[in-house]
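Q: Starting off with a structure, shown below.
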Amino acid sequence: MTWTGVDEARARENHGAAQHRLAQGSVALIGFMGVGKTSVGRELARLLDRPFADTDAMVQERAGATIPELFARGEATFRTLERAALIDALDPPGRVIALGGGAFTQPGCPELLLPRALVVHLYTPWRVMRELLPELAGDRPLIRDRPVHEIQQLFLSRAAAYRRAHVRICLPRHSPEWAAAEIVEILRHHRRSE
């Protein structure tokens with residue numbers, strides 16, 4: 001990939017804005033199901049010495065039901081609970097928040113999240129995700145019993161929404177410790193170059 005001067009200037013501007021958001025608010029991890037948002041989020045919270053919140057766990061705890069049980073009641077029920085959990089996770093600011101895979105794609109979520117948090121898209125390529133599908137399908141109702149081509153379409157449609165994130169980190173399925181350290185290093189690097 002060849003970078004132009006305009007690309008480099010835009011990247012510096014985006015990362016400068018990311019630094020400001022990091023200092024002012026929460027860090028929100030978004031990405032497709034199974035990329036490791038929860039495990040990376042816990043480690044990132046430890047490295048940044050911040051509290052951690054997982055919106056899926058918050059929803060399950062409040063509802064007294066698992067995500068598959070909530071989806072059985074209707075996806076709209078789950079999404080309503082998910083939005084309430086996100087609003088609560090953002091207040092007070094300063095947390096590392098792991099969002100469910102579909103949360104950022106819901107109407108109003110980007111507008112709620114982008115001004116109040118540094119949004120980091122954890123990206124794993126489709127070829128890697130495809131290998132994980134049998135493992136992921138067990139507790140993820142949106143992909144259970146669906147053909148691979150439909151899951152790939154879901155992956156691609158969500159990837160389009162995730163492009164709005166402030167920062168994108170490619171995770172080639174290393175350890176959560178590696179991924180969290182990579183995020184911290186990228187943020188430190190951009191702080192030094194401001």
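Q: At 0.36 nm per residue, minus the direct Cα-Cα distance, what do residue 84 and residue 132 gain on full extension? Give it in nm, one decimal, please.
A: My answer for the length gained is 14.3 nm.
Q: If packing is taken as the average number of other Cβ atoms within 10 Å across a peptide's residues, how do 126-136, 111-121, 26-36 rank, most packed first?
A: 26-36, 111-121, 126-136
Q: While we're looking at this one, here's another question. How much FRET efficiency would the formula 1/(1 + (r/R0)^6) give for residue 188 and residue 144, where r is the Cβ-Cβ distance and R0 is 35 Å, rounded to 0.05?
A: 0.30
Q: Another question about this same structure. Give, in nm to one decimal, the length gained when the segment between residue 62 and residue 153 is fully stretched (0.36 nm per residue of separation minus the Cα-Cα distance).
A: Full-extension gain reported as 29.7 nm.
Q: Largest first, please: the extent of the C-alpha atoms of region 11-188 along each principal axis, to the nearest Å.
A: Taking the Cα atoms of region 11-188, the three principal extents are 43, 34, 27 Å.
Q: Please grab the % of Cα pairs in region 93-147 that end up more than 17 Å from each other.
A: When every Cα pair of region 93-147 is considered, 52 percent fall beyond 17 Å.
Q: Still on this structure, I have one more. To the nearest Å, what is the center-to-center distance of region 69-111 and region 23-56, using C-alpha atoms only?
A: 14 Å
Q: Would you kindly derive the ³J(HN,Hα) couplings of region 33-50 from the backbone phi angles with the Karplus curve 6.51 cos²θ - 1.76 cosθ + 1.60 (θ = phi - 60°), listing them in order in whole Hz, with x for Gly and Pro?
A: Result, ordered by residue: 4, x, 7, x, 4, 5, 5, 5, x, 4, 5, 5, 4, 5, 5, 8, 6, 10 Hz.
Q: Counting only residues 5 or more places away or on other chains, whose amide H sits under 5 Å from the amide H of residue 54 once H atoms are built in the peptide plane?
A: Correct list: 98.
Values in this text are rule-based calculations from the coordinates and carry no lab data. Quick caveat: nothing in here was measured; it's all calculated off a predicted structure. Virtual Cβ from ideal backbone geometry, glycine too; neighbours counted across all protein chains shown.
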